[in-house]
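Comments concern the structure below.
What follows draws every value from the coordinates through simple rules; no lab data is involved. Remember, it's a predicted structure, so these values are computed and weren't measured experimentally. Don't worry about glycine lacking a Cβ; one is built from the backbone with ideal geometry, like all the others, and counts go over all protein chains shown.
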Amino acid sequence: MPLSGTMLAVSAFAELTTALDLGVARAPHSLSRRLELASGTGAGKADKVFSDRRTLAASATEDLDLAGTLVDAFGATITLARVKGIIIAAAAGNTNNVLVGAASGSPWATLLNSTGVITLRPGAFLAVGTGAADATGYVVTATSADLLKVANSAAGSSVTYDIHIIGASA
């Protein structure tokens with residue numbers, strides 16, 4: 001099943017201002033990146049996508065198996081060999097943080113190493129994409145390096161997060 005219109009984009013803008021005697025000086029700063037991927041498995045291509053809104057109970061964790069248990073929008077199980085882009089967003093209404101990374105066994109280590117953890121405070125997000133010319137992406141190794149751990153940082157309340165993974169099967 002081919003993918004079409006696959007894109008990952010991120011943009012940031014800020015403007016510094018200061019008052020002058022006869023006006024205001026402005027220094028705009030911006031950074032934007034956009035990754036468009038064709039259908040397939042090589043450089044600049046992807047053929048799999050997983051997207052979901054998930055909720056974890058207080059203090060709960062889950063390991064997302066990137067090679068064999070994720071299910072696409074049509075109910076088909078997908079196996080990723082390479083991740084080309086990923087966005088994880090913690091719901092703004094969360095009380096606790098969402099922790100991403102450091103699965104205890106078979107961690108997907110090519111993004112955060114085996115022990116790295118990103119803390120997503122309520123409303124925060126993480127977006128990572130590869131370059132369009134990159135055929136490798138973030139490698140997933142079935143059974144030995146394929147688990148992405150997501151955890152609720154504390155007791156007392158559940159957390160909700162959205163996740164979108166774009167990848168290739170080979």
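Could you work out the relative contact order of the stretch 103-170, using alpha carbon pairs under 8 angstrom and six or more residues apart, expressed as a whole percent? Can you show the working numbers first?
Numbers: 37 pairs, mean separation 28.6, N = 68.
Reported relative contact order: 42 percent.
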In whole Hz, the Karplus estimates of ³J(HN,Hα) for the stretch 124-136 (6.51, -1.76, 1.60; θ = phi - 60°; x where Gly or Pro) are 7, 9, 10, 10, 9, x, 8, x, 4, 8, 7, 7, 7
Per 10 angstrom bin, beginning at 0 and ending with the bin that holds the maximum distance, the Cα pairs of the chain fall in percents of 10, 33, 32, 15, 6, 3, 0
Once phi for every residue in the stretch 43-48 is put through the Karplus expression 6.51 cos²θ - 1.76 cosθ + 1.60 (θ = phi - 60°), the whole-Hz ³J(HN,Hα) values, with Gly and Pro written as x, are 4, x, 9, 8, 9, 9
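Would you work out the charge dipole size for the chain about its Cα centre, treating the Cβ of every Lys and Arg as +1 and the Cβ of every Asp and Glu as -1, and quote it to the nearest 20 debye?
With only Lys, Arg, Asp and Glu charged at Cβ, the dipole is about 120 debye.
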Computed from the beta carbon distance with a Förster radius of 30 Å, FRET efficiency for R121 and S39 to the nearest 0.05 stands at 0.25
Of all DSSP beta bridges with both partners in the chain, the antiparallel percent, nearest 5, is 95
Given the candidates A91, A57, V150, the one whose Cα lies deepest towards the positive end of the charge dipole of the stretch 39-168, counting +1 at each Lys or Arg C-beta and -1 at each Asp or Glu C-beta, is A91
Any aspartates and glutamates whose Cα falls less than 12 Å from that of K84, other than same-chain ones fewer than 8 residues away, would be E36, D47, D134
Quick calc, the stretch 7-58, dipole around Cα centre from Cβ unit charges on Lys, Arg (+) and Asp, Glu (-), nearest 20 debye, gives 280
Ordered by fewest other Cβ atoms within 10 Å, a rough proxy for footprinting exposure, S106, S157 read S157, S106
